[in-house]
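Peer 1: Got a structure for you, written out below as structure tokens; questions coming shortly.
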Amino acid sequence: MSNDVTANTPDISLAEGGAGLVRDWSADKEVFPVPWGKGMMWIFLLSDTFIFTCFLTAYMNVRVSASDAWPNTSEVFSLNIAGHDIPLILIAIMTFILISSSGTMAMAVNYGYRKDRKRTAALMFVTAIFGASFVGMQVFEWSKLIEEGVRPWSNPMGAEQFGSCFFMITGFHGLHVSLGVIYLLVIARNVHRGDYDETNSYHVVEIAGLYWHFVDLVWVFIFAFFYLW
Amino acid sequence: MGQIKSDEVSSQESSQHPLGLYFAVWGLLFVLSAFSYTVDYMQIQGEMRWALIIIFMILKAGFIVWFFMHMKWERLVLSTAILLPPLVLGVFIWLMNIEGNSTYDLRMKYYDIEKTVPYSHHKSDH
């Protein structure tokens, strides 16, 4: 109903800048001129931002207050490849994989709006594969650290708080990636089946994309603050 | 009916984004990630390290939100509703930083620790 108002009065809904902001909030119509699913996804992501910030802030707090030296992440996460210790190499590969998956997801959204069913589904599938391989590497990383004696309450490299921060932050992010892979596969199947053609609702792909890009976004902060700092 | 109309509007807007733009942003994110990794690989330390890490992080986050998450094309009413609330987190981070430093000072004062030392030197004391 309120959408009809929007459609009939483009002069109000299309006002730009500060005036448009005031009109959107005060006019007798819905505030956010986007499909409701997209608005709700944004609000979910906003709440998720607060959760991840709580994790990273807790990490900052215990790291600042730790009396033991913090483990050198550059060494802890190095891998021995062909006789050389390469610092952080696995984390770097994971970062590039996640960025690649964000790229393929952005393309999927674009092809979705062009109603290219096959390409959209294929690109979403590739995105899910990238995501699954990311989780696979994380499993490898976890088992390597657990083998080296890293526990949530202690570790042989330094401050005890390192373990709990590592498992909580990367674990919660890995959970997001895992759920995202399932989410993407479900939507990709629907796209492939042509579910969104009749109702012209390819914004569903964009909403899935928002979630996926957010997972990549969170990794940018984890990479900077946890692994590089 | 109203729903379909608004979907058509958004599909028309979004399909106008050229693929080249996505490739450009994608490439930039790759380059910035490579720079971040280089900071660690070259073992740049101190304030220079933190400054570079933060700059590359903010640029990457900005590109993702602005182009990949389409914030550039959203109306001001949505982008302000989503991007302004996280600013209060700055206050939270600031307070927790003060709190953490104060805890550290207390530990230094009341624990039998002279100062932060590498774990290997420290272990034999226990």
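Peer 1: Where the centroid of each part is defined by its Cα atoms, how far is region A:153-190 from region B:27-58 in Å?
Peer 2: Each part's Cα centre sits 23 Å from the other's.
Peer 1: Counting partner chain Cβ atoms within 10 Å of every residue's Cβ in B:59-70, what's the average?
Peer 2: On the way: counts 1, 9, 6, 2, 3, 9, 3, 0, 2, 13, 14, 8.
Mean shielding count: 6.
Peer 1: Let me ask something additional. Go ahead and estimate [θ] at 222 nm for chain A from helices alone: -39,500 (n - 2.57) per DSSP H run with n ≥ 4, summed, over the residue count, rounded to 500. Write down the numbers at each step before the final one.
Peer 2: Details: 10 runs with 169 residues, N = 229.
For chain A, the value works out to -24500 deg cm²/dmol.
Peer 1: In addition: Taking the Cβ of B:LEU29 as the centre, find all other residues whose Cβ is under 12 Å away and add up their charges (Lys, Arg: +1; Asp, Glu: -1).
Peer 2: Numbers: positive: B:LYS60; negative: A:ASP216.
Surrounding charge for B:LEU29 is 0.
Peer 1: How would you order B:35-45, A:183-193 from highest to lowest mean count of nearby Cβ atoms within 10 Å?
Peer 2: Details: B:35-45: 15.7, A:183-193: 18.5.
The most tightly packed comes first, giving A:183-193, B:35-45.
Peer 1: Hey, another quick one. Provide the convex hull volume over Cα atoms per residue for region A:14-161, in Å³. Walk me through the numbers on the way to the answer.
Peer 2: Details: hull volume 28.0 nm³, N = 148.
Considering the Cα atoms of region A:14-161, their hull volume per residue is 189 Å³.
Peer 1: Please give me the summed charge of the neighbours of A:THR57: other residues whose Cβ is under 13 Å from its Cβ, Lys and Arg +1, Asp and Glu -1. Display every interim value, and only then the final one.
Peer 2: On the way: positive: A:ARG63; negative: B:GLU99.
The answer is 0.
Peer 1: Below 14 angstrom from the Cβ of A:VAL135, what's the summed charge of the other residues (Lys, Arg +1; Asp, Glu -1)?
Peer 2: Details: positive: none; negative: A:GLU141, A:ASP216.
With Lys, Arg at +1 and Asp, Glu at -1, the neighbours total -2.
All of the numbers you see were taken from the coordinates with simple rules; none came from a lab. Bear in mind the structure is a predicted one, so any value in this text is a computation, not a measurement. Quick reminder, even Gly has a Cβ in these numbers, built from the backbone with ideal geometry, and neighbours come from all protein chains shown.
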